[in-house]
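Single-structure report; data block below.
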Amino acid sequence: MDLNFTGIDVCAVNGTRSAPEAKYDLVVIGAGPSGITAAIEGAASGASVLLVDENPVSGALMGNDTPLYFGGRMTAATQNKDRMLEAIFMSMPDLEKAMEAGVELLLGTTAWGVYRNGPGVQSLPEQVVGLADAERSWLVGFDRIVLATGARDLAIAFPGWNQPGVMGAAALQMLLSRYGAFSGRRIVVLGTHDLALETALLALEHGLDVAALVEVRDAPQGDAALLEKITAAGIPTYYGQSIAASKGGLDGIESITLTDGTNIACDTVCVAIGLVPSIELVDAMHGPRALNAARGGYIPAGEPNVTAVGLCAGLPDTGFDHVAYRMDWVRAALRVNAPDTIICQCEEVTLADLIGIQPPNYLPRPAALQARSLGTLLDDGPANPDQIKRLTRSGMGVCQGRRCRDQVAMMLAIESDKPFGTIPLATHRAPVRPLPLKILAEWDEPAGMDAAWDVWFGIPTQWVPVEDIGTPYQDEHREMLYTGMYT
Amino acid sequence: MSGSDVVIVGGGVTGLSAGWWLAKSGVKVTVLDKFIVGWEASGRNGGGASHYSSPLFEEEQRLWPQMDELLGYPTEHQKGRILIAMTERQWDQYRFIAERHTRLNHPVELLDVKQVQEAVPLAGDNCFGGVHYKFGGHANPQRTVQAYAWALQDLGGKIIQHSPVTGFETAGGKVTGVKTANATYGCDAVVVAAGPQIPQLMAQLGVDVPLAAARAEMIITEPAPMMPLGGVDGHKIYGRQTLRGNLAYGGGPHEWLDVDANGPAARPSTPLARNLAKRLAELLPKAAHLNVIRSWAGVIENSPDGRPIIDRLNSPDNVVVASMSSVGFGLSPASGHAIRDLVIDGACSFSNIDLLKLSRFDGLEKDWREKRGWMPIA
């Protein structure tokens, strides 16, 4: 084959990307109090500001515990987007102020990725954030970005936690305070640190029964004044306990049994053990982050043009070691949970299969595989959550690991007898929210993209059958299947 | 040389398969990897196993149906593929490919729209037709890589992870040891199967291996109902339905990179996920509602002609270099066999692989990357 090179690889990405639809001096992700403040400050300084918030998210996403751990306890009101939007404006009066200050506001708009040039990629025309609403996705350029993405619920498995009615504190607070759309009546709260106490008190304010607080440690963990209110309300608190068993029916959880045998009827278990700063975007953009046990886990380490505010930057530092506290809960869970307790709900990975590094049930388990375990894997090197994901599928499902990644990392630390901080963070990848193909798709891509598109590298000699090399078929092959790189 | 020590540099799918084949022959094998087995392209690819362009093709086809049993671990191998045309031009091209397969005695069948939809219910009636390959197939790259690694260990081989190779010891025209930061591994022979890092490693032995690295991307959806045929290509994307049901797809423009001796600095994905999503939604319109839940990138290397380099060097004469030129996963059962043969016997027993010799690039112009436009973006 005569090869006359042009010096240009037409199948490379160079120059094929679309420009962002719009560009702002400042994009703020998350319209909670911190995000609104950042947006108003930006506008006041004369910057063009876009403020986006994914809420109200669709009922389908809430049903998949995204972005918070809703546990199926939403009322039908959450299916009504207009009502949800109204509720957001009612509960966030500063949104109006932001708009008056000139901030462009997009609700129901997800930021699913942030992209910029750096190690391994130089082909982006400029740094962009990927946005999507219920209709489509698009890219927006920015000079500065503020991440006000808040914090998400930490889930920890107990027997029967994979049924409706088991939910997180941030989700419960959102359903109660913002939407008035919580369908439970009688709640058991796990934890006695401030998050648990505040959540229990909020539930009381909303006229709900708080059946009990359950604390794995031997003493209460949170603020004394808050605890006093709990005591004054006559809510029983069980110390040195976790959930050993639960019962449920079609509508979900009906009762729980503590490790000491105490039985408590409830329709909701609120896991209020901790919140995890929502750093998905930071991690997916390869931004720096650091583990800070007093601030709730991994937090953004900060960069000149990427600022985290609010809970995304970390929980308020009260000197409380959140990681140690969570590890105590996970240790108790490892003692109590039966081998068949589901850890990854999406992929139905049991505790036994996670620790045994066994594949999903649709695959055979020959003897050699059954002889493998986390123990044998650790002989080959330190535990890596991404490797565990590949083998067991834990964290590979449609909730994108929101329900299991944190507890799996803690279990790996415990099982390998290493500090939590030595376990790598399982990677977050764009899209950091599940996005339908038809929404993510760039339907109006630039013509250059299709011109550059080859199924692989577009190297004509790569796929010519060996038998055809040096025959006329070779040129026919190139003529028929390739264009461009060679003349 | 049974019973002697072979050190394999690189615990990707090629190095691991070679190690497994060598261990099967009674050779003491040590695989050194800079991080975790299969962490780079070997665990990030589309899992296809239908490489009719290769002199290793027949061996690839012979081995895949046996691999689960041979390794003792599941690879999720599935037989057969289908190529669906979404434009008239693609239909012309795919029929051309089908004719070629027929000429080469690879069994294929042309499918009309209805037959396509029977095999691939997520396809729509917007396609022009399909080509059903009654050969080839696909497997789960991550599970397969681990299967090679475990099978190799079961035969007494060693895998040392988190141990980047820093250099070699040589004496009498041979490599006698492979160095990492913490140890030197004595050896009778070496296999260098370190992907994009091959040029840097081989330069230490005074051998020029022309390879250029690039980044490519994939996306994956949430699970869809299982289709009768999960190996679905076409519309200029490649991929598969996993046995869990997810649709994992790649294709499209790549980005050339410089990779130093430490390997890829990062594997960022880009908004190309949107262009992949568009094509997958067009190829499988009944899947358009499915959520994309991840995207990722991998870094692969290519030789100047896009074909593998599998060669035992003249000097040092106990070194086999193996780069699969961006198409390594599916061929791995056969590439490992070929490497085993080169290490032990000095020649491949089952196919003429002279085409893959490094010497074909003797006299290659210094600016071969620039000429091809394979340069990183400045």
Could you tell me whether any residue of the stretch B:164-181 is assigned to a strand (DSSP E or B), out of contact with any strand residue (DSSP E or B) (no Cβ under 8 Å at 6 or more places or on another chain), away from chain A (no Cβ under 14 Å) and aliphatic (A, V, I, L, M)?
-> yes
Are any residues in the stretch B:256-270 farther than 16 Å from residue B:326 by Cβ, at the interface with chain A (Cβ under 7 Å from one of its Cβ atoms) and surrounded by fewer than 24 Cβ atoms within 10 Å (Cβ to Cβ), and if so, which ones?
-> B:265, B:266
When both residues are 6+ apart or on different chains and their Cβ atoms are under 6 Å apart, which pairs have a first residue that lies in the stretch B:260-278 and is without any contact (Cβ under 8 Å) to a residue 60 or more places away in the chain and assigned by TED's automatic domain parsing to the domain that holds residue B:294, and a second that is of a type in the set (Asp, Glu) and crowded, with 24+ Cβ neighbours inside 10 Å?
-> B:269/B:217; B:272/B:217
From the set of residues in the stretch A:445-468 that are more than 7 Å from chain B (Cβ to nearest Cβ) and in contact (Cβ under 8 Å) with a residue 12 or more places away in the chain, which is surrounded by the fewest Cβ atoms within 10 Å (Cβ to Cβ)?
-> A:451
Considering B:198, B:159, which residue is within 14 Å of another protein chain (Cβ to nearest Cβ) and among the hydrophobic types (A, V, I, L, M, F, W, C)?
-> B:159
Would you check which residues across the stretch A:308-366 are under 26 Å from residue A:246 (Cα atoms), of a type in the set (A, V, I, L, M) and within 14 Å of chain B (Cβ to nearest Cβ) and list them?
-> A:349
Spot the failing condition for residue B:233; the list is (1) buried (at least 20 other Cβ atoms within 10 Å of the Cβ); (2) facing chain A (nearest Cβ under 9 Å); (3) not in a strand (DSSP E or B), and only one is missed.
-> (3)
Counting only residues in the stretch A:338-359 that are in a loop (DSSP other than H, G, I, E, B) and in contact with a strand residue (DSSP E or B) (Cβ under 7 Å, 6 or more places away or on another chain), the one farthest from residue B:244 (Cα to Cα) is identified as A:339
All but one of (1) in a helix (DSSP H, G or I); (2) touching a residue at least 24 places away in the same chain (Cβ under 8 Å) hold for residue A:369; which doesn't?
-> (2)
Which condition does residue A:419 not pass, out of (1) under 27 Å from residue B:268 (Cα atoms); (2) within 24 Å of the chain's Cα centre (by Cα), if it passes all the others?
-> (1)
Might you check whether a residue that is in contact with an Asp or Glu (Cβ under 8 Å, 6 or more places away or on another chain), part of a loop (DSSP other than H, G, I, E, B) and of a type outside the set (S, T, N, Q) occurs anywhere in the stretch A:265-281?
-> yes
Those strands (runs of 3 or more DSSP E) completely within the stretch B:281-372 that have 3 or more residues that are within 14 Å of another protein chain (Cβ to nearest Cβ) are B:291-302
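Yes/no matrix, rows are residues, columns are (1) away from chain B (no Cβ under 11 Å); (2) closer than 27 Å to residue A:165 by Cβ; (3) over 17 Å from the mean Cα position of the chain (by Cα):
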residue: A:14; (1), (2), (3): no, no, yes
residue: A:25; (1), (2), (3): yes, no, yes
residue: A:30; (1), (2), (3): yes, no, no
residue: A:40; (1), (2), (3): yes, no, yes
residue: A:62; (1), (2), (3): yes, yes, no
residue: A:68; (1), (2), (3): yes, yes, no
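Residue by residue, here is whether (1) touching a residue at least 60 places away in the same chain (Cβ under 8 Å); (2) closer than 22 Å to residue A:173 by Cβ; (3) buried (at least 18 other Cβ atoms within 10 Å of the Cβ) holds:
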residue	(1), (2), (3)
A:215	no, yes, yes
A:244	yes, no, yes
A:249	no, no, no
A:265	yes, no, no
A:268	yes, yes, yes
A:275	yes, yes, yes
A:282	yes, no, yes
A:289	yes, no, yes
Taking residue B:105 as meeting all but one of (1) free of Cβ contacts under 8 Å to residues at least 40 places away in the same chain; (2) assigned to a helix (DSSP H, G or I), write down the number of the exception.
-> (2)
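The values are calculated or read from the model by the stated rules, or taken from the named source; none is laboratory data. Note that the coordinates shown come from a computational prediction; the quantities given were computed from them, not determined experimentally. Neighbour counts are summed over all protein chains in view; Cβ atoms, including those assigned to glycine, are modelled from backbone coordinates with ideal geometry.
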